[in-house]
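Scroll down for the structure; my scribbles are underneath it.
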Amino acid sequence: MALYLLYEAASGYSLFLAHGIDEIGQNTDAVRSSVSDLNRFGKVVQLTAFHPFESALDALNQCNSISEGVMTDELRNFLEINLPKVKDGKKPKFSLGLAEPKIGSHIIEATKIPCQSNDFVLELIRGVRLHFDRFIKDLKPGDLEKAQLGLGHSYSRAKVKFNVNRVDNMVIQAIFLLDTLDKDVNSFSMRVREWYSWHFPELVKIVNDNYLYAKVSKFIEDKSTLSEDKLPELTDIVGDEDKAKEIIEAAKASMGQDLSPIDLINVQQFAQRVMDLSEYRKRLYDYLVTKMNDIAPNLASLIGEVVGARLISHAGSLTNLAKCPSSTLQILGAEKALFRALKTRGNTPKYGLIFHSSFIGRASARNKGRMARYLANKCSIASRIDCFADSSTTVFGEKLREQVEERLDFYDKGVAPRKNIDVMKSAIENTQSKDTEMETEEVPTEASGKKSKKKSKAAANGDDMAVDEPAETTNGDASEGKSEKKKKKKDKRKLDQEDQPMEDANIEEDGAAKQKKKKKSKHENGEDLQAASDVKKKKKKSRSEDTD
């Protein structure tokens, strides 16, 4: 059986035919030893066809399709032209060796060409790659290296610039920086408290917030200069007049030592740095919220921006998080506890980073594990929607959050939650309705043009409109045949309802008279029916007498 080798170079597709495979016996070691020597390898492998790429963009497109395991039209035409034809019902007498098994399965499905990819084929392709410039005579020295370098740069650049607005690397860096800022601000605030407490130790018990303490210490500076004149400004900072008065009274009877002006300047500068860091932390949190709403809106609306960002950073990317099953996502962040439990044969952890969600805290101790499992399931669904959906929307995340709330009520009160298929159907309907609303808002001018055309037609047919006007005024709709039939049916129903006895107090006299007339007509009709039935009975009796 003949063996053809497909080699995807940076300059184009090439097809090689391997001879003397039976002599080698498909021994990998023998091929590996013959690869380095061109004279020996040239006797085994020969070039049969070469198809160069048209441009660098074409080479990039072909490289992307091969990496995704998709066969392009150019590759299919190249193989069908240069390989023997595969006849239906007969076993082919050749096979195609490939370096990528994914594209081999696609080639078999599309063209029925038998493909193989093993160590023996990979060694042959390695030899082809080593001596490729010797097989193609028209290549100049250095052209192949330039083509490989350019294609490598463009391929990596295209992968990095996949979508600028949905780059999850920014979220990963932001959540890392946010965590480090929290630690730094806390440690720096404690340092400010300890440092300024030598001068004003009573302030620690009055002001508990770190940011507020730094702000107040910077405003007071020297406690001996604090007086009633500064009460309005101190009230604006603290937000409470009683607390401001308490600070002033404590400053008058403080037991702290006096600090030199240089020491006070250093304390004030450090307090200003702590305030700047805490303000930057707030801005960074706002940035993280906006990025999470752009990248993973459903995950953010379900579990929160901070917890969702921690899950993405721990998984490495949003795509990796979407690939994780819900059981992995449930214990994400508790790997040490998991492996320790497996090693000691103890109880495995029930939750990892998901524990920071408010849903786990609201659940009872008995239902925390169940809630973590259910929440991990919904988080995996939300991450997959965010990763692979074409348009970003928060509808699915809001619906999933409603499901989690219903599950909490089910555990606490026993209220049966809705089924997942019904919730997803309603979410899809909501997204479709939003899309249609957006489309209608985008095209208001076309609708106005159509209305003007209709008005011009109506002006041309003035007589018809004059006839139809009373019907429009009475009925309120267009005077079409179908609408008239429906309205007649409605009028009949109304009349039937009016026939029933009405016991309301505010009935008009004319209406009462009409009802009396209707009742009289009903009585007369009833008497006529009785007379007719009596006549029929008499006829039957006479017939029976005649027969007797």
>> Taking the solvent-accessible surface of protein heavy atoms with a 1.4 Å probe, what is the per residue accessible area of segment 1-126 in Å²?
In response: 54 Å²
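Tally up the carbon and sulfur contribution to the accessible surface of segment 138-213 as a whole percent, 1.4 Å probe, everything protein left in place.
Details: 3000 of 4990 Å².
About 60 percent, which is the carbon plus sulfur part of the accessible surface.
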>> Taking the solvent-accessible surface of protein heavy atoms with a 1.4 Å probe, what is the per residue accessible area of segment 348-415 in Å²?
In response: 50 Å²
> Taking Rh as the Kirkwood radius, which is the inverse of the mean 1/r over Cα pairs, what is the Rg/Rh value for segment 237-316?
Replying inline: 1.26
>> I'd like the distance between the alpha-carbon centres of segment 233-263 and segment 292-371, rounded to an integer number of Å.
In response: 45 Å
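Would you mind checking LYS291/LYS350; LYS205/LYS243; LYS205/LYS230; LYS159/LYS291; LYS205/LYS252; LYS215/LYS282 for any pair whose Cα atoms are more than 18 angstrom apart?
In this structure, LYS291/LYS350; LYS205/LYS230; LYS159/LYS291 lie more than 18 Å apart at Cα.
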> Heavy-atom accessible area of MET1 with all protein chains present, probe 1.4 Å, nearest 10 Å²?
Replying inline: 150 Å²
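Using a 1.4 Å probe on the protein chains only, how many percent of the accessible area of segment 314-397 belongs to carbon and sulfur?
Details: 2360 of 4580 Å².
On segment 314-397, the fraction of accessible area on carbon and sulfur atoms equals 52 percent.
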> How do ILE220, ILE421 rank by accessible surface area computed with a 1.4 Å probe, from largest to smallest?
Replying inline: ILE421, ILE220
> What order do GLU437, GLU109 take when sorted by accessible area (1.4 Å probe), most exposed first?
Replying inline: GLU109, GLU437
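Which of the residue pairs LYS102/LYS336; LYS378/LYS419; LYS43/LYS146 have a Cα-Cα distance greater than 24 Å in the structure shown? Provide the component values of the computation, followed by the final result.
Values: LYS102/LYS336 36 Å; LYS378/LYS419 13 Å; LYS43/LYS146 29 Å.
In this structure, LYS102/LYS336; LYS43/LYS146 exceed 24 Å between Cα atoms.
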> Counting pairs of alpha carbon atoms under 8 Å apart in space and at least six apart in sequence, what relative contact order in percent does segment 243-391 give?
Replying inline: 24 percent
>> Please compute the per residue accessible area over segment 134-205 with all protein chains in place, 1.4 Å probe, rounded to a whole number of Å².
In response: 70 Å²
> How much solvent-accessible surface does GLU279 expose, in Å² to the nearest 10, with a 1.4 Å probe and all protein chains in place?
Replying inline: 70 Å²
> Using heavy-atom solvent-accessible surface (probe 1.4 Å) with all chains present, what is the largest-first order of HIS106, HIS314, HIS131?
Replying inline: HIS314, HIS106, HIS131
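The values are calculated or read from the model by the stated rules, or taken from the named source; none is laboratory data. Being a predicted model, the structure only gives us computed values, none of them experimental. Surface accessibility is based on the protein's heavy atoms, side chains included, excluding ligands, DNA and RNA. Shrake-Rupley method; radii C 1.70, N 1.55, O 1.52, S 1.80 Å.
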